[in-house]
Amino acid sequence: MLDRLLSLVRLLALALVLTTGAAQAQDDQTFREMSDTWARNASVGETAVLQGATTQALEQIRARLVADRAEALAVRREAESWLETLLAQREALGEPPGEGQSEPPEIAERRATLNDQIAEAEVPALTAAEAMRRAENLIGRIDSLIRGRFSEQLVTLGPSPLVPARWVGALEETVETMVRIRNETANILSDPAARADRLMRLPALIGLVLAGLALAIWIRRALVRWFYSFQAEGRGGSIVALVTFARLLLPLAGAWLIFFAMVELEIVGARGGQVLDAIPLALVALIGAQWLAVTLYTPRTPTTAILKVEEGLARPAARTTRLLGFLTALDILIFPRSGVSSLSEETLAVVNLPIAVVGGILLYRLSRCLRPVPLPPPAEDEEPQPESLRRVVRRFAARISVILAVVIPVAALAGYLALSQFLLMPWLLTLALVGSLLVIFEMIRATVDALIAGDGDEGEEEAAQATGDRQRLRIAPIFVGFLLVLVAVPLLALIWGARPSDLQDAWTWVIEGVDIGETRLSLGDALSFVVIFGIGYTLTRVLQGVLRNAVLPETRLDAGGRNAVVAGIGYVGIFLAAVIAISSTGLDLSNLAIVAGALSVGVGFGLQTIVSNFVSGIILLIERPVKEGDWVEVAGFTGYVQKISVRSTRIETFDRASVIVPNQELIAGTVLNWTHQNITGRLVVPVGVAYGTDVEQVREILTGIAERHHMVLRRPEPAVLFMGFGASSLDFEIRCFLRDVNWKLFVLSEMNFQIYAAFAEAGIEIPFAQRDVTLRNAEQAAEALAKGLTGLAAPDGAVSDRQALGQNGA
């Protein structure tokens, strides 16, 4: 029985070896086929670059090279992963024996096997790396060639439209093209078989047209009425946002239904098909311009406009926007996006001239509307506020529009057709994109504001309960604005000439990441870092909340100790979350020693104070010489400790002012803490009485006042001390201990009131400082004063020098 089991195990092992060998052979064959494909595509690309192939052909070759590069990258990564495993296994065997040394046969055989496997694994890794570099080089050369052609096309001087003969030729060619399209349509309609099939489909197509008209006209008008009613009443922010987007989507859906019906009629030929293919984009331009005109400027109610313009410019701005949309649709129909037109270059230059001139005029008119409305001057006691980002963008767009309003017609007149088109249409599309994103952002913000405000029918308790949840929505517009910017960047790149392949390369670079030393960082690593750190940060805050609210209040720790424990847990948790998040990205934490060494140099030069304050903050949390809630005197300030942070401590004075004290001052300086051990403290009340007062009566009165006060402790007993004989009074002091030293000023004030009332009732005088002034030789001083006054009057009616001086001074 045992022999049979051993035989079965040998058969299974042999089958496994044969299967593995076959799979390995198949993998080797697949790799050889891939490497041959990489080499063949690279050779084709090199030949195309050398021979100057067309841009379309180069784009196709580039797409294949990008695919080869991605495939080679995957092969290289897999091979390097397997190679790292083999190298680790060989390293586990130790160093090979030196000369004259030997090792066990099993180890030597295993080392030789690993060396052979390592040599085999290096082949696909090196081959894939070589193919990647070759493909990357070719992709860069193709990109440079295509961009060079595009730049050369922009500055190439074409036929000038100022030649009158070209206008006649352009008119004849345009009419001839329209006649050909009409003839193609007539030939299609004359086919009896196609006509019968078309008649069978005609009812359905008519239904599509009617449905499209209903969506584009009737339903749209109803929504417009609702829109203005809600907007005039200033309510229903979410409904207004919904209707605003519906005003764009419903006409687009209706136009698409009508266009689909036209396509299904199949009544156009090849030339008409080029125009038909451009109709969807033209419809989007027309409907989008109408939507932006009404939504951005709201001509009927300019005060609620998203883009507020000067008084009287709302309707002209909306009209200009509609005309620009019509101009864009016309340009789309005449100049196909594929770059292949049935019209000659001379005809296109002539047709482009009126488009460029009208576009320049409309851009100049639009620039007046884009300028931000002047702000009212600030009051005398107010500082001027900095301009918002929206006003800066509007001013920039207005200036660029003015410049292009002059440059575009001049370029068209000079014969630079490509430059004129490149400046006009991308700028109009940029304005449309920015306007659309602005509308989306404002509608989302209006919806959030409506949700935060509520419907007004909820009770006070329900409103208070929902306030916290609603306030969390305020971050939604900021997040949406960030997403809109991310969406706008690739769209703007495509508008201004970037190719889809460029965006694909950028996305590949983001996904695959970049090499930093021996580590590759990618978008996935960044997202994992953010997610893991966010989870760790959230768990730390949750743990702090549980400790602060549930666990620590049940212990004997005071408020300062509880705050110290919570802060320490926060520091440790955030540090561990950061370390785990960094480790998840694949970074070697041992390299942090290099960073720490570099930071030590910075600490030695410029970060001493920061590090000292940080260490002092840690000491404050551990030793707790000062804790939150203490009454302290430090650096000439007196107040309560509100918060101890990493770098500084915030103290609130009795004037409700916040003093930020560096932690180093609390550790290295002298601090008077009135409530360090407990809240019991001594109060000293100085009192002075007149000479001749019965001191025993004074002691009895003061002792009674101190003992009767509810804040004074009975043990130790309050004492009245005769401090000495002052210049004007007999000086006494009440010395007593208070239950809560925080009430020191109030107790002092109350005792002073009681002392004054008791002394007045007992007839005890509270003296004040008096001074007796004695003049010696008073008679001689009087005579000297009289002589001085006599000298003020000069003889013979003349004016004395002192009088003249007095008059001149007057």
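Summary of values
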item: Per residue solvent-accessible surface (Å²) - region 137-230, probe of 1.4 Å; result: 65 Å²
item: Stretch gain in nm, segment Ser728-Leu199, where the contour uses 0.36 nm per residue and the Cα spacing is subtracted; result: 178.0 nm
item: Long-range HN-HN contacts of Arg682 with modeled amide H, under 5 Å; result: Leu738
item: Packing-based order for 719-730, 358-369, using average beta carbon neighbours within 10 Å, highest first; result: 358-369, 719-730
item: Placed amide H near Gly726: partners under 5 Å, 5+ positions off or other chain; result: Asp731
item: Heavy-atom accessible area order for Val712, Val546, Val646, largest first, 1.4 Å probe; result: Val546, Val646, Val712
item: HN-Hα J in Hz across region 143-153 - Karplus 6.51, -1.76, 1.60, θ = phi - 60°, x for Gly and Pro; result: 4, 4, 5, 5, 5, x, 4, 5, 5, 5, 5
item: Amide H contacts under 5 Å for Ser648, placed H, 5+ residues apart; result: Asn663
item: Spin-label model distance (nm) - Ile618 vs Gln697, 7 Å beyond Cα toward Cβ; result: 6.7 nm
item: Burial order of peptide ranges 392-402, 51-61 (average beta-carbon count within 10 Å, highest first); result: 392-402, 51-61
item: Accessible area of region 280-319 belonging to carbon and sulfur atoms, whole % at 1.4 Å probe; result: 61 percent
item: FRET efficiency, Leu157 to Val410 (Cβ-Cβ, R0 22 Å, nearest 0.05); result: 0.95
item: Per residue, in Å², the accessible surface of region 251-336 once ligands and nucleic acids are set aside, probe 1.4 Å; result: 45 Å²
item: Accessible area expressed per residue, region 684-766, with surrounding protein chains retained (probe 1.4 Å, Å²); result: 58 Å²
item: Segment Trp218-Val263, length gained on full extension (0.36 nm per residue, minus Cα span); result: 13.8 nm
item: Paramagnetic reach from Ser144 (point 7 Å along Cα→Cβ, amide N under 19 Å) across region 50-66; result: 50-55, 58-59, 61-63, 65-66
item: Length released on extending from Val393 to Ile574, taking residue separation times 0.36 nm less the Cα-Cα span; result: 61.3 nm
item: Ranked by how many other beta carbons lie within 10 Å on average, peptides 572-582, 437-447 from highest; result: 437-447, 572-582
item: Vicinal HN-Hα couplings computed from phi for region 717-724 (Karplus, 6.51 cos²θ - 1.76 cosθ + 1.60; Hz; Gly/Pro x); result: 5, x, 10, 10, 10, 8, 7, x
item: Sequence-distant lysines (8 or more away, or on other chains) whose Cα lies within less than 27 Å of Lys627; result: Lys643, Lys744
item: D_trans [Stokes-Einstein, Kirkwood Rh over alpha-carbon pairs] for region 650-785, 37 °C, 0.692 mPa s, µm² s⁻¹; result: 178 µm²/s
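The values are calculated or read from the model by the stated rules, or taken from the named source; none is laboratory data. Everything numeric in this text was worked out from a predicted model, so none of it was measured. Heads up, the Cβs are rebuilt from the backbone with ideal geometry, glycines too, and the neighbour counts pull from every protein chain shown. Each accessible area value is taken on the protein alone, full model and side chains, heavy atoms only, with ligands, DNA and RNA left out. Shrake-Rupley method; radii C 1.70, N 1.55, O 1.52, S 1.80 Å.
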